[in-house]
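Taken together, the values in this text are just the output of simple stated rules run on the coordinates, not laboratory data. These numbers were taken from a predicted model, which means no experiment stands behind them. No Cβ is skipped: glycine too gets one built from the backbone with ideal geometry, and neighbour counts run over all protein chains shown.
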Amino acid sequence: MEIIDAKGLSCPEPVVLLKNAMKSGEHEYTLITDNTTSKENTTRYGEKMGYTVSVSEERGIFTLKFTK
Amino acid sequence: MKKPLKNKLDIIIAGGIIGVIASLLSLLGNPANMGFCIACFIRDTAGGLGLHQAAAVQYIRPEIIGIVIGSFAAALIRKEFSPRGGSAPLTRFILGFFVMVGGLMFLGCPFRMIVRLAGGDLNALLGLVGFAAGIGVGAFFLNRGFSLKRTYKQPLLEGASFSVIQVILFALLISAPAFIYFTEAGGGPGAKHAAVAISLAAGLIVGILAQRTRLCMVGGFRDMYLFKDFRLISGFIALFVCCLITNLILTAVTGTSFFKLSFADQPVAHTDGLWNALGMFLLGFASILLGGCPLRQLVLSGEGNSDSAMAILGMGIGAAFCHNFGLASSAKGPTANGQIAVIIGIVIVLIIACANSFNKKKD
């Protein structure tokens, strides 16, 4: 499963990375980010692309799992 | 305390409120079609501090102070205050410099562009075309891996200092020592301002709403192009509509015109369409590489992002250069120096874009 480390990257880079990764059309992706704006953007994009998004947070680091 | 806002409805309501405020500020003393202008107001503040000597535009604008402090407070409350920085700060300073060069060619930032449109200023349409094109070119580079690399956690003071600086600026405005400049009454746009308390309150409200909803004009266009996401742009459409409606109501109620549909004789504007477009092209291109419009940079700085603070400082120094070296436009139109500066700016921003893209091979 592809893991995208977007820690420290600001909008829109995490979404761009996710968009590029999702071109491979896999069923699962994981993205890690540390800012709320990117958590929101990537969640919206993932849902738009038809994925179910679950978010867990630990000490300011958000791990998003996208599954189809 | 406001509850967390969700979905498009929150940003539409926020945009609407901000649009009404922007219109009302012109009624209450701000220049016409300039209830808010981040570029102009940073320029005015630079003038108030004596960084330039253009007597017509010297006034420490409380709106800027309010936006940063409002964002700071909103971020603290939602535990989103996060001191971070270290992502090519000097490059961001330079980009901020050219955001201002472009903005002072057009005589506005993206926020004022919308406010001008809502006042009937058709010259802002050319600005909009240029802006959209600048975002498009920037999006091209984003798709090819443009990155100024990551930020890192910074000490608390690094994140909070810009907000502290705003408080100091406010103290200077209120106490008005002899070394702070104020445009004389009747001397130009710098003399046109709402009462300090009103301007500050307006800035605080905008700062809070923009922080919570992530309002960003650059993001609005960018997200449409790259992700077919219309959330951010819907906030600005709401801003435009509500500002326009308020302008029409004020015109009807007060007998003073807050809306005039024309190219000619618009307040603090010029009719040179090509340079309106090129100025906003430069501003848009530089802003998308910065990750957000000038309003968003102010909000991010309040959230603790010192890279955004560097961009704003670049804008401030850019404003000083523009007025010290005759780069800023006036109602008569662009200056030759300003035109050269915009072309140089486009070239430099292109170099920055190329140098920081194409790093990763596409699979």
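Tabulated data
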item: Efficiency of FRET between B:Lys332 and B:Ala176 - r from beta-carbon atoms, R0 30 angstrom, step 0.05; result: 0.45
item: Theoretical gain in end-to-end length, B:Leu76 to B:Ala132 [0.36 nm per residue, Cα-Cα removed]; result: 16.8 nm
item: Built amide H within the under 5 Å cut-off of B:Asn305, gap 5+; result: B:Arg84
item: B:Lys153-B:Ala197 FRET efficiency (beta carbon distance; Förster radius 41 Å; 0.05 resolution); result: 0.70
item: Protection proxy ranking, peptides B:125-137, B:103-115, B:328-340, average beta carbon neighbours within 10 Å, highest first; result: B:103-115, B:125-137, B:328-340
item: Cα-projected label distance for B:Ile17 with B:Ile245, points at 7 Å along beta-carbon direction, nm; result: 1.6 nm
item: Rounded to 5, the percent of DSSP beta bridges in the protein assembly as shown classed as antiparallel; result: 75 percent
item: Across chain B: Cys residues that no other cysteine approaches within a C-beta distance under 4.7 Å; result: B:Cys109, B:Cys216, B:Cys242, B:Cys243, B:Cys293, B:Cys322, B:Cys354
item: Shape metrics for the protein assembly as shown, restricted to C-alpha atoms - Rg then Dmax, Å; result: 20.6, 66
item: For chain A: span of alpha carbons on each principal axis (Å, largest first); result: 29, 20, 19
item: Antiparallel %, DSSP beta bridges [both residues in chain A], to 5; result: 75 percent
item: Rg and Dmax [Cα atoms of the stretch B:3-98; Å; Rg one decimal, Dmax integer]; result: 16.4, 46
item: The protein assembly as shown - charge dipole about Cα centre, Lys and Arg +1 at Cβ, Asp and Glu -1, debye rounded to 20; result: 680 debye
item: Kirkwood hydrodynamic radius of chain B, Cα pairs, Å; result: 20.0 Å
item: Evaluated at q = 0.14, 0.22, 0.24 Å⁻¹: base-10 log I(q)/I(0), Debye formula over Cα of the stretch B:190-285; result: -0.84, -1.31, -1.25
item: Zero-based 10 Å bins, Cα pair distances in the stretch B:77-179, whole percents; result: 12, 25, 32, 27, 4, 0
item: Over 21 Å between alpha carbons, listed pairs A:Lys39/B:Lys153; B:Lys8/B:Lys260; A:Lys39/A:Lys65; A:Lys68/B:Lys149; A:Lys7/A:Lys68; result: B:Lys8/B:Lys260; A:Lys68/B:Lys149; A:Lys7/A:Lys68
item: Inter-label distance, nm, simple model (7 Å from Cα along the C-beta direction), A:Met1/B:Phe263; result: 5.8 nm
item: q = 0.20 Å⁻¹, the stretch B:220-363: log10 I(q)/I(0) [Debye, one scatterer per Cα]; result: -1.40
